[in-house]
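Okay, so here's the structure we're looking at.
The values are calculated or read from the model by the stated rules, or taken from the named source; none is laboratory data. Fair warning: this is a prediction, and the values are worked out from it, not measured in the lab. As a convention, Cβ positions derive from the backbone with ideal geometry for all residues, glycine included, and neighbour counts pool all protein chains shown. Each accessible area value is taken on the protein alone, full model and side chains, heavy atoms only, with ligands, DNA and RNA left out. Shrake-Rupley method; radii C 1.70, N 1.55, O 1.52, S 1.80 Å.
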Amino acid sequence: QVQLVQSGGGFVQPGGSLRLSCAVSGIIFNIYTMGWYRQAPGKQRELVAVITGGGATNYAYFAEGRFTLSRDNAKNTVYLQMNSLKPEDTAVYYCHAEGRSTWGQGTQVTVSS
């Protein structure tokens with residue numbers, strides 16, 4: 001059974017930082033591209049960033065230069081470091097193993113003064 005368990009997130013003021021983690025089990029983690037997505041109220045879910053099994057990354061335009069996606073294949077975990085957060089980054093964030101149907105449970109990130 002594939003499981004993606006997220007941690008991190010919460011409330012932060014504009015300009016602050018948060019780190020999200022996603023621990024994965026039930027798949028051969030190091031061969032999967034992993035992605036982080038987000039969904040703000042009233043909006044569609046959108047891609048934030050993806051990372052291949054080998055560590056190559058690709059970011060959405062709004063994440064470029066502020067967010068860093070990394071993975072530890074020994075720990076079956078992927079991380080999303082978010083810096084210089086803005087109110088428009090407020091959303092529920094989800095991790096996902098590309099090509100699989102399972103998603104993480106979602107983590108609320110709220111950026112507000």
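Restricted to region 58-113, the set of strands (runs of 3 or more DSSP E) holding at least 1 residues that are of a type in the set (A, V, I, L, M, F, W, C) and under 9 Å from the mean Cα position of the chain (by Cα) comprises 67-72, 77-82, 91-97.
For the subset of region 43-55 comprising residues that are open to solvent by less than 60 Å² (accessible area, probe 1.4 Å) and touching a residue at least 40 places away in the same chain (Cβ under 8 Å), which member is farthest from Q3 (Cα to Cα)? For region 43-55, the residue satisfying everything is V48. The residue of region 56-104 that is nearest to I28 (Cα to Cα), among those that are surrounded by 15 or more Cβ atoms within 10 Å (Cβ to Cβ) and of a type in the set (K, R), is R71.
Return yes when S112 is touching a strand residue (DSSP E or B) at 6+ places or on another chain (Cβ under 8 Å) and surrounded by fewer than 14 Cβ atoms within 10 Å (Cβ to Cβ) and no when it is not. Don't jump to the end; show me each part of the working.
Working: touching a strand residue (DSSP E or B) at 6+ places or on another chain (Cβ under 8 Å): yes; surrounded by fewer than 14 Cβ atoms within 10 Å (Cβ to Cβ): yes.
The answer is yes for S112.
Working only within region 8-23, note down all residues that are more than 14 Å from the chain's Cα centre (by Cα), small (G, A, S) and closer than 11 Å to V109 by Cβ. Please lay out each step first, then the result.
Step one: of region 8-23, the residues more than 14 Å from the chain's Cα centre (by Cα) are 11-16.
In the following step, the residues that additionally are small (G, A, S) were identified as 15-16.
Once the filter is applied, which keeps residues that are more than 14 Å from the chain's Cα centre (by Cα), small (G, A, S) and closer than 11 Å to V109 by Cβ, region 8-23 yields only G16.
Take the residues in region 24-41 that are modelled with pLDDT of 95 or more and either open to solvent by 70 Å² or more (accessible area, probe 1.4 Å) or assigned to a loop (DSSP other than H, G, I, E, B) (or both), then tell me which one is nearest to T107 (Cα to Cα).
Keep residues of region 24-41 that are modelled with pLDDT of 95 or more, which gives 24, 33-40.
Next cut, either open to solvent by 70 Å² or more (accessible area, probe 1.4 Å) or assigned to a loop (DSSP other than H, G, I, E, B) (or both) only: 33, 40.
On the way: T33: 20, A40: 12 Å.
Among them, the one singled out is A40.
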